[in-house]
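Novice: Let me begin by handing over the structure; questions about it come next.
The values are calculated or read from the model by the stated rules, or taken from the named source; none is laboratory data. Predicted, not measured: the structure shown is a model, and the values here were computed from it. Here the Cβ is made from the backbone with ideal geometry for all residues, glycine too, and neighbour counts use every protein chain on show. To get the accessible areas, we keep the full protein, side chains included, count just its heavy atoms, and leave off ligands, DNA and RNA. Shrake-Rupley method; radii C 1.70, N 1.55, O 1.52, S 1.80 Å.
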Amino acid sequence: MTDLNADIESLLTENRSFLPPPEFVRQANVNDPLIYEQADANFEEYWSNWATQLDWFKKWNETLDWNPPFAKWFINGKLNVSYNCLDRHLQSGRRNKAALIWEGEPGDWKVYTFGDLHREVCRFANGLKSLGVKKGDRITMYMPMIPELTIAMLACARIGAPHSIVFGGFSSESLRDRINDCGSKILITADGGYRRGQIIPLKKNSDEALEATPSIEKSIVVKRIGEKAKVQMKPDRDIWWDDLVRDAPYTFEAEHMDSEDMLFVLYTSGTTGKPKGVVHTTGGYLTGVYATTKWVFDLKDDDVYWCTADIGWITGHSYIVYGPLANGATTVMYEGSPDFPDKDRFWDIIEKYRCTILYTAPTAIRACMRWGEEYPAKHDLSSLRLLGTVGEPINPEAWIWYHTNIGGSRCPIVDTWWQTETGSILITPLAGLTTTIPGSATKPFPGIRAEVWDANGNPVSPGNGGYLVLTRPWPSMIRTIYGDNERFKEQYWTKYPNTYFTGDGAKIDENGYIWVLGRVDDVINVAGHRISTMEVESALVDHSSVAEAASIGRSDSLKGQAVVSFVILKDAISSSKILEDELKAHVTKKIGAIARPDKIFFTADLPKTRSGKIMRRLLRDIAEGHVLGDTTTLADASAIELLKDQYEDAE
Ligand code: WTA
């Protein structure tokens, strides 16, 4: 468990605050402070008012059925997410408005109007149907950031076939496990994707994964790279996307989905070695992302909104695709990395498309900060009017840099806290209302109750730290873990009765502002990506030389946290630089490059309690060069001092 109080000390010193700019307040979608009380006093009515702004085939007859930990929202309502993201905008005059602006890494680009996107989605939905896909079938996607990914998501939603998107940086083994866990019938992939000028071999990884995925019947392949990808198509299994849609009709009637039908499953790391499939449903999820996109980003019809996340993560699902498109907004999607071909790529894209809203991660801001302010200074960023961050706590220095160099000291910043499980943003400033303080996500979104509790379930007093909990259901909340209600209960609902435990530590200040400190469980956050220490450990012990392993997240000035692993080798195997590199490569192969340890330290011993539990907290103290915390529960307290000395000598 993290040392909460040490982290709090460093935050208490922040005293800069930023009032909402008056010119922003005047035009803001929400600028009436009473909204918080109103939403809180009657939260079911408040959420049903939001839901009313969507198009329903049949209205719900009850707003909420709360049988903790199981929630149902908008009972018996029927709607379709794809219809809400496309068709209804065609009827309201947005047919020729840009829906998706896509920028490829090599510099190619494409703009889809709502009319175009609707046609492409219908064509692909027809293609899927011709392969026998029907409502309820699961479909996995392992794709680069190309328009076909968005099209495929909306086509699945149109048919009612839940999607499961696997981030393209994951390994073939990770892909295989995720396909098997939800029993997908179809895999959609591409011949490759671009990343820093290199080709990511998505098709080759898919082929390896599909050697052991009995549920998969067909694999659809987008031609993104062409000849250079040198892919092998397997007859009877693989179909080119273009062949599938060539003669497909461009209309497809959207399926009438129940509000509680599954929209998608998205795998995320928990406290065990096995990723869990977070299940989101239709009506509640769409209401949550629609409402938060509209208010948190102050979205207007003429905005050009850009979220830099990858759609393989929840941020991309909710705030590149579903939230913006449900609002009829223009959403930008970029395939590549921020430093290719040069370190001004983000700023170049903003200037090129005149983006008005930018939503990115603190780790990206810190990288840009390191590269220097001359890169943004080369570009005209005057179109920007609002900035956002997500994924990890933002350090005040990065916040101020973002505010000054990107926001021209005029754009409000929204630091948004949420999780894969929450579906949509839950703690955030509202730019027309909230005075911001760098480093604090400020207050719960209207209608949300987030509190900081001590171990006994009592709210902590101002200035103190504790556990961040959510004490009331919300529409876009996780419904269950795919196929595992028990794990769902155990993971989130057993620490406190009828209360959702987030896994985060937080502090609350005198103004009631929440300061999220980071995970207090065995989940680490590397560059805004969630990794479980146990996943890394399982990958390491899978190697024939390793007897035992423990992994921790060490603070890192760029990535937030970096993985450090302590490894005990099997007898008769000696450590070496070659072995260290081999183990790092092994983790990359098993999970993906995001989980690759920055450092592997070979040791003869690991600190354990008398019951044999590894005390990762002490390993973190060692890796971060802190004084060792409480060691009284260790089985052998002398070994830890030795380990600390050895580690420091090796640094
Ligand atoms: C962390 C990403 C501090 C937190 C949307 C959470 C944050 C985990 C913030 C979820 C923030 C996310 N400030 N910490 N603004 N946003 N986190 O599921 O630890 O990939 O539990 O969802 O990221 O990560 P996930």
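Novice: Heavy atoms only, probe 1.4 Å: what % of the accessible area of the stretch 75-129 goes to carbon and sulfur, would you let me know?
Specialist: 45 percent
Novice: Hey, how many Å between the Cα centroid of the stretch 226-282 and the Cα centroid of the stretch 153-181?
Specialist: What the calculation gives is 6 Å, centre to centre.
Novice: So, one more: Return, for the Cα atoms of the stretch 611-651, the radius of gyration and Dmax in Å, separated by a comma.
Specialist: Computed over the Cα atoms of the stretch 611-651, radius of gyration and Dmax are 9.9, 31 Å.
Novice: Can you pull the one-decimal nm distance between simple spin-label points at T609 and D243, each 7 Å off the Cα toward Cβ?
Specialist: 5.7 nm
Novice: Please report the projected area of the stretch 345-422's Cα convex hull averaged over all directions, in nm².
Specialist: Mean projected area of the Cα convex hull: 5.0 nm².
Novice: Mind checking which lysines have their Cα closer than 24 Å to the Cα of K443? Skip sequence neighbours fewer than 8 apart in that chain.
Specialist: Result set, ordered by chain and number: K294, K300, K495, K507.
Novice: How many angstrom separate the Cα center of the stretch 494-514 from the Cα center of the stretch 521-544?
Specialist: Computed from Cα coordinates, the inter-centre distance equals 24 Å.
Novice: May I ask you to compute the full-extension gain from E14 to K59, defined as 0.36 nm times their residue separation minus their alpha-carbon distance, rounded to one decimal in nm?
Specialist: Here the segment from E14 to K59 would lengthen by 11.4 nm.
Novice: Same structure again: Based solely on its DSSP helices, what 222 nm [θ] is calculated for the chain when runs of n ≥ 4 H residues each add -39,500 (n - 2.57) and the sum is averaged over all residues, nearest 500 deg cm²/dmol?
Specialist: Helices in the chain give a 222 nm mean residue ellipticity of -8500 deg cm²/dmol.
Novice: Give the calculated FRET efficiency between L628 and D542 to the nearest 0.05, with a Förster radius of 30 Å applied to their Cβ-Cβ distance.
Specialist: Computed FRET efficiency for L628 and D542: 0.50.
Novice: Okay, moving on. Determine the shape class of the stretch 12-129: with a ≥ b ≥ c the square roots of the Cα gyration tensor eigenvalues, call it rounded for a/c under 1.5, and otherwise prolate if a/b is greater than b/c, oblate otherwise.
Specialist: The shape class here is oblate.
Novice: Can you give the FRET efficiency to the nearest 0.05 for S409 and I35, using r as the Cβ-Cβ distance and R₀ = 22 Å?
Specialist: That pair, S409 with I35, gives E of 0.20.
Novice: Around R366, under 12 Å between beta carbons, what's the net of Lys plus Arg minus Asp minus Glu among the other residues? Could the numbers behind the result be given before it?
Specialist: Values: positive: R370, K559; negative: E392, E397, D556.
Spelling it out: positives minus negatives among the neighbours equals -1.
Novice: What does the convex hull of the Cα atoms come to per residue for the stretch 553-651, in Å³?
Specialist: So the per-residue hull volume is 121 Å³.
Novice: Shifting gears a bit: So, by mean Cβ neighbours within 10 angstrom, what's the order for 452-464, 291-303 with the highest one leading? Can you show the working numbers first?
Specialist: Details: 452-464: 13.6, 291-303: 21.7.
Top of the packing list down: 291-303, 452-464.
Novice: May I pose another question? List, largest first, the extents of the alpha carbons of the chain along their principal axes, each in whole Å.
Specialist: Extents along the principal axes: 73, 62, 55 Å.
Novice: Show M262, M477 ordered by accessible area, largest first, where the area counts protein heavy atoms only and the probe is 1.4 Å. Write down the numbers at each step before the final one.
Specialist: Numbers: M262 45, M477 0 Å².
Final ranking, largest accessible area leading: M262, M477.
Novice: Please compare each pair in K185/K234; K135/K185; K203/K234; K97/K343 to a cut-off of 19 Å on the Cα-Cα distance and tell me which ones are over it.
Specialist: Long pairs (Cα-Cα over 19 Å): K97/K343.
Novice: For the stretch 408-488, state the average projected area of the convex hull of the C-alpha atoms over all orientations, rounded to one decimal in nm².
Specialist: The orientation-averaged projected area of the Cα hull of the stretch 408-488 comes to 7.3 nm².
Novice: Per q in 0.13, 0.15, 0.21 1/Å, what log10 I(q)/I(0) does a Debye calculation on the alpha-carbon atoms of the stretch 144-216 return?
Specialist: Listed by q, the Debye log ratios stand at -0.38, -0.50, -0.96.
Novice: Kindly identify the stretch 165-255 as rounded, prolate or oblate by the Cα gyration tensor criterion: order the square roots of the eigenvalues as a ≥ b ≥ c, call it rounded if a/c is under 1.5, otherwise compare a/b with b/c, prolate if a/b is larger, else oblate.
Specialist: It is oblate, given that a/c is not under 1.5 and a/b is not larger than b/c.
Novice: How large, in percent, is the carbon and sulfur part of the accessible surface of the stretch 360-476 at a probe radius of 1.4 Å?
Specialist: C and S fraction of accessible area: 50 percent.
Novice: I've got another one for you. Can you quote the Å³ per residue value for the convex hull of the Cα atoms in the stretch 74-173, rounded to an integer?
Specialist: 133 Å³
Novice: Could I ask something else about it? Roughly how many whole Å is it from the C-alpha centroid of the stretch 441-457 to that of the stretch 87-123?
Specialist: Each part reduced to its Cα centre gives a spacing of 38 Å.
Novice: Report the gain in length on full extension from D301 to E208: 0.36 nm times residue separation, minus Cα-Cα distance, nm rounded to one decimal.
Specialist: Details: separation 93, 0.36 × 93 = 33.48 nm, distance 4.44 nm.
Length gained between D301 and E208: 29.0 nm.
Novice: So what are the stretch 170-326's ellipsoid semi-axes, whole angstrom, largest first, if each one is the square root of 5 times an eigenvalue of the alpha-carbon gyration tensor?
Specialist: Square roots of five times the eigenvalues give 29, 20, 19 Å.
Novice: From the P(r) of the stretch 450-563, can you give the percent of Cα pairs sitting at distances over 21 Å? Numbers along the way, then the final one.
Specialist: On the way: 3299 of 6441 pairs.
Tail of the P(r) past 21 Å holds 51 percent of the pairs.
Novice: With N set to the number of residues, divide the alpha-carbon radius of gyration of the stretch 45-110 by 2.2 N^0.38 Å and report two decimals.
Specialist: Rounded to two decimals, the normalised Rg is 1.60.
Novice: So between R617 and E510, what do we pick up on full extension, going 0.36 nm a residue minus the alpha carbon distance?
Specialist: 35.6 nm
Novice: Roughly what would the spin-label model give for S461 and Y250, points 7 Å off Cα along C-beta, in nm?
Specialist: Inter-label distance under the simple model: 6.7 nm.
Novice: Sorted by accessible area with a 1.4 angstrom probe, largest first, how do T360, T251, T609 fall?
Specialist: Solvent-accessible surface, decreasing: T251, T609, T360.
Novice: So if R0 is 56 Å, what FRET efficiency would K110 and E486 give, r being the distance between their Cβ atoms, rounded to the nearest 0.05?
Specialist: 0.80
Novice: Rg(Cα) of the stretch 234-383 divided by 2.2 N^0.38 Å?
Specialist: 1.28
Novice: A follow-up question, please. Which three numbers, in whole Å and largest first, are the semi-axes of the equivalent ellipsoid of the stretch 214-283 derived from its Cα gyration tensor as √(5λ)?
Specialist: Ellipsoid semi-axes (Å, largest first): 30, 23, 11.
Novice: Further question on the same structure: Across bins of 5 angstrom width beginning at 0, how are the C-alpha pair distances of the stretch 521-607 distributed, in whole percent?
Specialist: Binned Cα distances yield the sequence 3, 16, 29, 26, 16, 8, 2, 0.
Novice: Using only the Cα atoms of the stretch 470-530, what semi-axes does the equivalent ellipsoid have when each is the square root of 5 times a gyration tensor eigenvalue? Give whole Å, largest first.
Specialist: So the three semi-axes of the stretch 470-530 are 23, 17, 11 Å.
Novice: At q = 0.23 Å⁻¹, what is the base-10 log of I(q)/I(0) for the stretch 245-325 according to the Debye formula with one equal point scatterer per Cα and no solvent? Please give it to two decimals.
Specialist: Result of the Debye calculation: -1.13.
Novice: Something else about it: Taking a probe of 1.4 Å, how large is the accessible area per residue of the chain, in Å²?
Specialist: 38 Å²
Novice: I'm checking a number: the convex hull volume of the Cα atoms of the stretch 501-558, normalised per residue, in Å³. What is it?
Specialist: 107 Å³
Novice: Considering only protein heavy atoms, what is the solvent-accessible area of K589 at a probe of 1.4 Å, reported in Å² to the nearest 10?
Specialist: Roughly 120 Å² of K589 is accessible to a 1.4 Å probe.
Novice: So how much accessible area does K274 have, in Å² to the nearest 10, using a 1.4 Å probe?
Specialist: 110 Å²
Novice: Take every DSSP beta bridge with both residues inside the stretch 524-619 and express the antiparallel ones as a percent of the total, to the nearest 5.
Specialist: Values: 15 of 19 bridges.
Around 80 percent antiparallel, to the nearest 5.
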